[in-house]
Amino acid sequence: MAESGTNWARASGSLVIVLLLVGLVGSQLLASEEQPQLLGRRSLQESVRRFLAVNDIYVLNSTYDVNTTSVTVVGTAIGPNASVTGYWSTRGRQILDFYGKEVFFSGVSWNGLENIDGAPHGLWARSWQSMLDQMIGLGLNVLRLPFSGSILAGGYMPQNINYYANPDLRNLTSLQIMDVIVRGAGARGMKVFLDYHRLNAGYEHEWGLWYDANTSETQWINNWLFLVDRYNNDSTVVGVDLFNEPHHDEAKPPGHLGPEWAPDGVNATINWRTSAIRCANAIHKVNPNLLIAVQGLDLYRGQYGLWGGVFLGQLDAPLNLTVPNKLIFQTHDLGPSTFNQSYYNAPDFPSNLPAQWDRMWGFLWDRNITPVWVGEFGAKFDPYCTSDRCAVVFRQEQLWLGELVRYIQNKSLPWTWWSWDPTSEDTGGLLADDMQTLRADKYAYIQNLTYPGFSIRNASTSLPTGIRTTGA
């Protein structure tokens, strides 16, 4: 018999839940006026569903066997705990659930809503439900959902969806599809971070600021307020990622020298720190419960790093929000095949990497300033590139990823892999080109890095056979 208060954990295989009819009728979770309806098969099944929902028990791929004495629910059960059902906060470098228990998460970015398709990628090949179910089965409990400002204007219609596989998405706008994905993630016990990835739907990199000639900073903030209000009081959306990878881009007209991380009143038009504070404080007036994820820069006072991965400015001009205990810093780190940094070619690579990460963003965790979320990391491991140069880069990529995995594990950092689907030119995805098959060579690195039930696993992280994190 399922009882209120049971702390269910995700099962790796099928789980059978038997609800004795007498226990169900006697439960205070069912209103007295509902109890006579239990005699009907359909009403009984619906009452069982309500019973499970009240107890925060989510059953994937469920089937019901109803008879006169019991209801048997067969499927995979996940939840409940406050990490699933409530909002989160922070304390120093910790993320805490509604009851103050420390939370650890492992997730993935599912791109597509940010580009011209206006829908998560891969829906031309299979259903969105099967995608989310596969994520859950792999131990991914947070979905970072990139989007563009274009889909917020209203009426933006998606492309490249197989409506035979996804009949419930027919005639929906891109924004309504976002609603479906968020609800589906929540029903599976996942949390969602909404990621303002681009100002305009597209594929090419934009110019690196959170506004442009067509979208002012005020409009960017107002877009956030609209979206936050849309999901207000739904703790599935546990946080927002204010803007993806602010960076310098002097080459693209009209060009700019920003962004900067500076004190109040300094270079106001390109001051990412003050703009992020304005946006976050406005969001918290709508929903003060949300976590605010702020990404770093690519450059600070002559010191370069990867886009989103430089937080040195926090030491000189701290970023603080009006609502306390709601700030997370999100860093990105990508390997040699994406951005070939000088330290990837140093004689002491890859043992030099932890010091580089500590200097640019790891100090935030070390000094107990804020949580650090590794929001994007991934490896291409291109199977189609067979040149000698590809072999060198492939080996470098393995060493970099192995070192980063150990770094994440040593600090128990939350993370989201980039990306779920293989359409990213930088990294490909966890899925192969058929949008079905798991790239086992990539998943092998993160399989033991996941946080089941939003908790630390006891086993140490092991790397794929034959992969070492030291050179030679």
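Values in this text are rule-based calculations from the coordinates and carry no lab data. What you see is a predicted model; the values in this text were computed from it and never measured. Please note: Cβ atoms are built from the backbone with ideal geometry, for glycine as well, and neighbour counts cover all protein chains shown.
Worth a mention:
- Trypsin sites (Lys or Arg not before Pro) lying in DSSP loop within the range 254-342, provided at most 11 other Cβ fall within 10 Å: ARG301
- Going by neighbour counts of Cβ atoms within 10 Å, the residues ARG230, ARG170 line up, fewest first, as ARG170, ARG230.
- Two-site label geometry, ARG389 and THR437: point separation in nm, points 7 Å out along Cα→Cβ: 2.7 nm
- Calculated from backbone phi, Karplus (6.51, -1.76, 1.60) coupling profile of the range 303-319 in Hz, x at Gly/Pro: 9, 8, x, 6, 3, x, x, 10, 10, 4, x, 5, 6, 9, 9, x, 9
- When only Cα pairs below 8 angstrom with a gap of at least 6 residues are kept, the range 82-454 shows a relative contact order of 19 percent.
- Using every pair of distinct Cα positions in the range 348-407, the Kirkwood expression returns a hydrodynamic radius of 13.2 angstrom.
- Table column - 3J(HN,Hα) (Hz), the range 225-235, Karplus curve with 6.51, -1.76, 1.60, x for Gly and Pro: 4, 4, 6, 5, 5, 4, 10, 4, 6, 10, 6
- Value of Rg to Rh for the range 82-454, rounded to two decimals, is 0.93; Kirkwood radius and Rg both from alpha-carbon coordinates.
- Viscosity 1.002 mPa s, temperature 20 °C, Stokes-Einstein D of the range 139-225 from Kirkwood C-alpha radius, µm²/s: 148 µm²/s
- Model label sites at VAL180 and LEU257, defined 7 Å from Cα along the beta-carbon direction, differ in position by 4.9 nm.
- Over 19 Å between alpha carbons, listed pairs LYS191/LYS326; LYS101/LYS411; LYS285/LYS326; LYS191/LYS411; LYS101/LYS442: LYS191/LYS411; LYS101/LYS442
- Residue order, fewest to most surrounding Cβ atoms within 10 angstrom, among GLU245, GLU397, GLU204: GLU204, GLU245, GLU397
- A quarter of the convex hull surface defined by the alpha-carbon atoms of the range 203-323 gives 8.0 nm² as the mean projection.
- Applied to the range 352-358, the Karplus parametrisation 6.51 cos²θ - 1.76 cosθ + 1.60 on θ = phi - 60° returns per-residue 3J(HN,Hα) values of 7, 5, x, 5, 5, 5, 4 Hz, with x for Gly and Pro.
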